[in-house]
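Data first, discussion second: the structure below is written as structure tokens.
Please treat every number below as a calculation from the coordinates, not as lab data. Owing to the predicted nature of the structure, the values given are computational and were not obtained by experimental measurement. Neighbour counts are summed over all protein chains in view; Cβ atoms, including those assigned to glycine, are modelled from backbone coordinates with ideal geometry.
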Amino acid sequence: MQIDFRQITDAKSWSGITTKNHIGSIFESRPQLASKLMTRMLSQYYGATLEAQLSEIPAQYLDTDDDYTWKLIGSTERNIPLVEARFQGATVLATDFGVGANGAEFELVFPERYFSDVNVIIGERDVYPIQILDDPSPEGTNWVYRVVMWGNAKVDGVPGDELVAGKRFSKEYSPVEEDFSIKGGEVNYSSPISFRNTFTRIRMQYTAPGSMSDTKFAGQFTQLGPNGEKQTFVAWMEYQNWVFEHQFSQDKNRLLWYGRSARDGKGKFNTVGKSGNVISAGAGLREQMEIANTFFYSKFTADYITNILTELAEGKLSMDERKFVIRTGERGAILFHKAIAAEASGWTPLFDQSAQKQTVSALHSNSRAYGFQYTEFMAPNQIHVKIEVDPMYSDPVRNKIMAPNNGHFFGGVAESYRMDILDMGTVEGEPNIRKVYAKNQLDTTGYIPGLRHPFSPTGAKGMNLMATPKDGYEVHKFATCSGYIKDVSRTASLIPSILAAV
């Protein structure tokens, strides 16, 4: 790839064994260099990764690396979809009217035995309350309730379009007689919902000839570390070890976030590895979130994000718990800034004097700079959200679909505009999102020594224990890891519409 007219070589990629030949031809270990400091122009600057963020939350350690399960107790307050309504021996249609008029009995069929005798229930419109006369009777997997209209609704009944399949009903209360009442409504319970995930195992390796153990660059090789600090390498093996650890860490980040379960529709693993045994792999956090709140958007505004955050909060989180974090790419952070800036327009330029700064320029003796970026938004009802940029969203290597430049989106990879809301608080006293490990099975690194190896790079003076006659060695790294979201309903994904069909 030609970056500048002064460029005389192109970047090359390779994998496998690296010899002195590679260093000589690619990193120019023999010829004189005009500069003794090599710069890696196309390096990606990785900041706070997902694994680093999850490392701040206590991980869960299980006794074995078998499948693990967890349970989430659902709310006992629910609404139940109607299977069908029956009146005068026929299924109620949307075009019917006066169902249950003048106190006539009719039947409601639900998929669960949630309501009980004595309950008064309502559908989507509370002007049509319904009284349950008896406990339900089973009919296959469904339950049939004998009912009448309640109160004044007995006169005119209920329109048929309020009793079609899919209409949702909830319990109001359980009224009884003033004198000698003999029965009340029953207590509702909700059984726990069970979830399952599988550990994923990853492995990487490299082979190094013994002759590379003391090979040095013709100068220094500088790489930016995860926090922007410079790491300088003078020998190839130092750099190779750094690349090995960095790429293994990136693999681990991708399995935690992007990992897809290897189970088929019957719950079995069918993919076979090099050993002839099956590869078992679990779902990453993103796949777990797919069953929850997913929204596709073509325009991002302050009202839009306020509405979504309100849906996540109302009736679920107390006022002092409504703090959210949005993980996104660099372009998503700019889109967030633009949306909040539009909301604040009209008063910000007048009153936010901190955005004005003195600067130095040859263009004018009194030069000024102006600029700011919104990274947090305090919406109504104590909702507080802030942006965190995750480099994985903006990675052009993995994310290949480009966004349009249409006045709202402004080019770049479409994934960079994706916004994931992760509630990393607690559920029932436990972290909502965290990593999971098997006890005594943390990341493992091993090596196969030859004539020379990492701990005897120039060869031992005496006898050297060898596992292979080759003048070289292999380094292997292995990890068993997983992650889970206890309550996915407390997460949401805002996906640019260009990715809707992908």
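Just need the Rg to Rh number for segment 80-189, please, alpha carbons only, Kirkwood Rh.
Values: Rg = 13.1 Å, Rh = 13.9 Å.
My calculation of the ratio gives 0.94.
Semi-axes of the equivalent ellipsoid of segment 305-418 are 29, 24, 12 Å, computed as sqrt(5λ) over the eigenvalues of the C-alpha gyration tensor in descending order.
Dipole size of segment 80-189 about its Cα centre, with +1 on Lys/Arg Cβ and -1 on Asp/Glu Cβ: approximately 220 debye, rounded to the nearest 20.
Which whole-number percent gives the relative contact order of segment 274-413, counting Cα pairs below 8 Å spaced six or more residues apart? Walk me through the numbers on the way to the answer.
Details: 126 pairs, mean separation 36.5, N = 140.
Over segment 274-413, the number comes to 26 percent.
Taking every alpha-carbon pair in segment 156-198 and binning the separations at 10 Å intervals from zero gives 16, 25, 31, 19, 7, 2 percent. All other residues whose Cβ lies under 15 angstrom from that of Ser275 are scored, Lys and Arg at +1 and Asp and Glu at -1, for a net of +3. Which pairs in the list Lys400/Lys470; Lys316/Lys400; Lys316/Lys338 are over 32 Å apart, alpha-carbon to alpha-carbon? Checking Cα-Cα distances, Lys400/Lys470; Lys316/Lys400 exceed 32 Å. The residues packed around Ser137, meaning those with a beta-carbon under 11 Å from its beta-carbon, carry a net charge of -2 if Lys and Arg are +1 and Asp and Glu are -1.
With N counted as the residues of segment 57-111, its alpha-carbon radius of gyration over 2.2 N^0.38 Å works out to 2.27. Before anything else, pin down the relative contact order of segment 80-189: Cα pairs under 8 Å, at least 6 apart, normalised by residue count, whole percent. This gives 36 percent for segment 80-189.
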